[in-house]
Amino acid sequence: MGASVARAIRNFNLENRAEREISKVKPSPAPRHPSTRSLLREQMTSHPDVKGDIVRKDDKLLALLKDVYVDSKDPVQVKDVGLPPKPKEYRLPKGNHFDMNIENIPKGKISVVEALTLLNNHKLYPETWTAEKIAKEYHLEQKEVNSLLKYFATFEVKIFPPEDKKAIQSK
């Protein structure tokens, strides 16, 4: 139903609108500068055969244009055979989480487990695990470690026993 209404609105008075658009005055070329107008007039008076050459189609050139076949292909990328790429430096993961599928970690990066470990160590022992020691231990930049310690923190879960019931003593 909606499509037929939209079609009816779109096609309403279509012929009149098309006729109005066709009968509009077409835009004229931009006016020429007065200095170039006089130069063009001089050239046309001194060489009247040029006007005919501009309008006339040259069959020889049209035949040559029809014979042109353009087949373009992308240029082949030539790789630089210079020095081989420098191998990346890796390190073994710290801590006791070797059961994960992490064989090596690029220097300057840490795993999620290592990030949680170092954040927790810094939280529990801030005088021992300083930013300098963490940067040296995990091969990180000092600025990145300072940002990590400033903007990230581990959650601390505390479970309080209900006040109205007695806590069950562990045996």
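The values are calculated or read from the model by the stated rules, or taken from the named source; none is laboratory data. This one's a predicted model, so the numbers in the text were calculated from it and none came from an experiment. Backbone-built Cβ (ideal geometry, glycine too); neighbour counts: all protein chains shown. Ligands, DNA and RNA are stripped out before the accessible areas are found, and what is left, the full protein with its side chains, is counted by its heavy atoms. Shrake-Rupley method; radii C 1.70, N 1.55, O 1.52, S 1.80 Å.
In this structure, residue 125 and residue 152 have a Cβ-Cβ separation that, at R0 = 22 Å, corresponds to a calculated FRET efficiency of about 0.85. Couplings 3J(HN,Hα) for the stretch 36-43, derived from phi with the Karplus relation 6.51 cos²θ - 1.76 cosθ + 1.60 (θ = phi - 60°), are 6, 4, 5, 5, 5, 4, 4, 5 Hz, where x marks Gly and Pro. Placing a label point 7 Å from the Cα of residue 50 along the Cα-to-Cβ line, the residues of the stretch 27-43 whose backbone N sits under 12 Å from it are 37-43.
In order along the stretch 115-130, the phi-based Karplus estimate (6.51 cos²θ - 1.76 cosθ + 1.60, θ = phi - 60°) of 3J(HN,Hα) comes to 5, 5, 5, 5, 5, 5, 4, 5, 5, 7, 10, x, 6, 7, 9, 7 Hz; Gly and Pro are listed as x. Ordered by solvent-accessible area of protein heavy atoms (1.4 Å probe), largest first, the residues 124, 118 come out as 124, 118. Site pair residue 42 and residue 26 shows an inter-label distance of 3.2 nm when each label is modelled 7 Å from Cα along Cα→Cβ.
In the context of the full protein assembly, residue 127 retains an accessible surface of approximately 140 Å², using a probe radius of 1.4 Å and ignoring ligands and nucleic acids. Note on residue 17: accessible area approximately 100 square angstrom, rounded to 10, probe 1.4 Å, nucleic acids and ligands left out.
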